[in-house]
Amino acid sequence: EQGSYATSYIPTQGSAVTRLIDSSTIDNLPTSVIDSSYPFTMYAEGVNKYAEGNVRVLTFGWLSSTSNYFVIETISNVLRFAARANGFTEVLPSSLTLVDNQNYKVAITMESATSGKICVNGGVVVSKTDFSNQAANSNIKGLLLGQLRIPADLGVRRSVKAAKLYNTALTDAELQALTTI
């Protein structure tokens, strides 16, 4: 290693090789973990980078479809939650605009098909109780770190320090405690 820290193993077979983007996908989460019914909570931790632009942090979705997913993402440096079912997206923005190199912890909870919450850095819990098209889908059982929709999507990947998926809804106090920096 030439840098100040070790990177993941890159097999070279004796010649120079360009490093590919690191990405992680977990598909077919067992129903004992979560089965895309409600409630559930997603959590992610990372560092905001302006250069990465509008990017995805964590997606829970149907990895064979671009029309059914739940995603934590940054748009114009605002962490937000987007829920997409059958081609229709509904958004719940947080109350915090991130600055460059700011650490963040974000959690979202979907309590039901119509009710969700987001909390960033232990701040205000923002709720939405009028999601209209978020029917549970038994095919939603894949988790993508730093990416949107399906593994084949191209573009910038958001680096993620930690990610969690719970098969329960967290209370406002639990969301704040989980995301406190």
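Observations
- Distance between modelled label sites at Val99 and Ser67, nm, 7 Å Cα→Cβ extension: 4.4
- Partner lysines for Lys164 [C-alpha distance under 19 Å; skip if fewer than 8 residues away on the same chain]: Lys105, Lys117, Lys141
- Positive minus negative residues near Phe81 (Lys, Arg vs Asp, Glu; Cβ under 12 Å): +3
- Mean Cβ count within 10 Å, highest first, over the residues of peptides 139-145, 62-68: 139-145, 62-68
- Put a dot 7 Å past the Cα of Ala16, heading toward its Cβ, do the same for Phe88, and the two dots end up 5.3 nm apart.
- With R₀ fixed at 25 Å, the C-beta to C-beta distance from Lys161 to Ser127 puts the FRET efficiency at about 0.45.
- The range 72-129 shape via C-alpha gyration tensor axes, a/c threshold 1.5: oblate
Read the figures in this text as sums done on the coordinates, not as results from a lab. Just so it is clear, the model here is predicted, and its values are computed rather than measured. Counting neighbours? That spans all protein chains shown, and the Cβs are built from the backbone with ideal geometry, glycine included.
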